[in-house]
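Data first, discussion second: the structure below is written as structure tokens.
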């Protein structure tokens, strides 16, 4: 995807992470998209016996710069505008196509990925490549323009939805004016629901990214809340609730449950101390590192528990100035 | 090294080939304790593990792990593969054991992305 890098370079700005992500998505697309999805399939063709001046007319009327030559439904050659120029120089427009067409045909397969065509273009210095199907029959023609168009269309399809979501979400705090705006997410977590364990955390991480959180902040919150979510699933009697309060300057995450409660909170905070069953340990959890992990990810963690009543875990992350969600200007003086 | 190149080094099979293998890997980690992964791994790592349950994928997602290699030819159940595909995380199964895999990848230039516990 040389041309895209050049494009960015020429615009004279530094390639941001966002650009880099898009470039690599373009590369991915060049593997994902099939040649058949981007080629022009309604192809004008000519026959070897057709006089050159008829071809001239076909190229002119259709505003194209080359055509495949078909003989008995088989690809026999390619005639490009350069061939036509050579012919005109010699004043031989009455001669048949056969005399001027190029018989050295480089074609690509319709079922190959677009990257195959990109490679062929850079190797062969051709302006267009005929596309053939499994049976070797001509099914289309592909130019660099077709590839650019195809990839741009796919990118647009691809990005439109997620970008729209991100755009809408990232302006949430800017669009709403109040003395103190916060967004609250709640999730009900079922006890022993190992299969869905982590789903709420996954939603929370995605929400933060859409709101414009830095990847590092989203990761920090994700890890902390995931450990807390697993604790609800593993240890509680009736499951519990996750509540995440997102404010421009901080994120407050909280889990609550109604039992069984922790006998010795100090012990629970000791690295390696665990009451988890073998079943839970077999899943890779219950090594007594969860709360320790959470502590490392957040600025403040508070664990309150009453045996027989329940447990409340509070986790707070204060956002650094560069991490803060954008607010409206006039609310910046608010506490 | 990107995921595609890793697949060759570990002589592995990709279990969800519809996912992109172009992600660049900055290093690796080997663990069966998911809390260890969550505690110690820096972003953009490959995770080598003997665990096959769905939490491996969730853990990878939270810790920004970019690929998971299952050791000794283990194959995760269908729901694990389905979640990984949905989240865009390539799953690879390799015939080699954890020790051999760490050695191969280290030799191929992939270093540890694990932090010591004290950090």
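Couple of notes before you dig in:
- Counting only DSSP beta bridges whose two residues both lie in the stretch B:3-107, roughly 15 percent are antiparallel.
- Relative packing of peptides A:108-118, A:269-279, B:25-35 - highest average C-beta neighbours within 10 Å first: B:25-35, A:108-118, A:269-279
- The radius of gyration of the Cα set in the stretch A:179-331, together with its Dmax, comes out at 15.7, 55 angstrom.
- Taking every alpha-carbon pair under 8 Å whose residues sit at least 6 apart, chain A reaches a relative contact order of 14 percent.
- Computed over the stretch A:208-335, relative contact order equals 30 percent, with contacts defined as Cα pairs under 8 Å that lie 6+ residues apart.
- Whether the stretch A:123-175 is rounded, prolate or oblate, judged on the alpha carbon gyration tensor where a/c under 1.5 counts as rounded: prolate
- Debye intensity ratio in log₁₀ form over the Cα atoms of the protein assembly as shown, taken at each q of 0.07, 0.11 Å⁻¹: -0.51, -0.95
- Order of B:96, A:285, A:325 under a 10 Å beta carbon neighbour criterion, fewest first: B:96, A:325, A:285
- Antiparallel bridges, percent of DSSP beta bridges restricted to the protein assembly as shown (to nearest 5): 75 percent
- Gap separating the Cα centres of the stretch A:133-172 and the stretch A:72-128, nearest whole Å: 27 Å
- Each part gets one Cα centre, and for the stretch A:231-310 versus the stretch B:43-105 those centres are 26 Å apart.
- Taking the longest Cα principal axis of chain A as reference, the axis of helix A:215-235 is set at about 50 degrees.
- Legend: ranking of residues A:226, A:100, A:194 from fewest to most surrounding C-beta atoms inside 10 Å; resulting order A:194, A:100, A:226.
- Residue by residue along A:193-205, Cβ atoms of other protein chains within 10 Å of the local Cβ number 3 on average.
- Take B:71-81, B:40-50 and order them by the average number of nearby Cβ atoms within 10 Å per residue, most first; the result is B:40-50, B:71-81.
- Measuring max minus min along each principal axis, the C-alpha atoms of the stretch A:187-232 give extents of 32, 15, 14 Å (largest first).
- In degrees, nearest ten, helix A:17-32 long axis to first principal axis of chain A (Cα): 50 degrees
- Whether the stretch B:17-59 is rounded, prolate or oblate, judged on the alpha carbon gyration tensor where a/c under 1.5 counts as rounded: oblate
- Estimated [θ] at 222 nm from DSSP helical runs (n ≥ 4, -39500 (n - 2.57)) normalised by residues in the protein assembly as shown, nearest 500: -12000 deg cm²/dmol
- Where labels lie 7 Å past Cα in the beta-carbon direction, separation of residue A:111 and residue A:316 in nm: 6.2 nm
- When you restrict to C-alpha pairs under 8 Å that are six or more residues apart and normalise by the size of chain B, the relative contact order lands at 33 percent.
- For A:173, B:99, order by how many other beta-carbon atoms lie within 10 Å, fewest first: B:99, A:173
- Against the compact-protein benchmark of 2.2 N^0.38 Å, the Cα-based radius of gyration of the stretch B:3-107 scales to 0.92.
- Per-residue average of Cβ from other chains inside 10 Å of A:218-230: 4
- Shape of the stretch A:68-147, Cα gyration tensor, a/c cut at 1.5: oblate
- Coordinate range along principal axes, alpha carbons of the stretch A:18-114, Å, largest first: 55, 29, 23
- Per residue of peptide B:52-62, the mean number of Cβ atoms on other chains within 10 Å of the residue Cβ is 6.
None of the figures in this text is laboratory data; all of them are computed from the coordinates on show. As the structure is a computational prediction, the values presented were derived from the model and not from experiment. Neighbour counts are summed over all protein chains in view; Cβ atoms, including those assigned to glycine, are modelled from backbone coordinates with ideal geometry.
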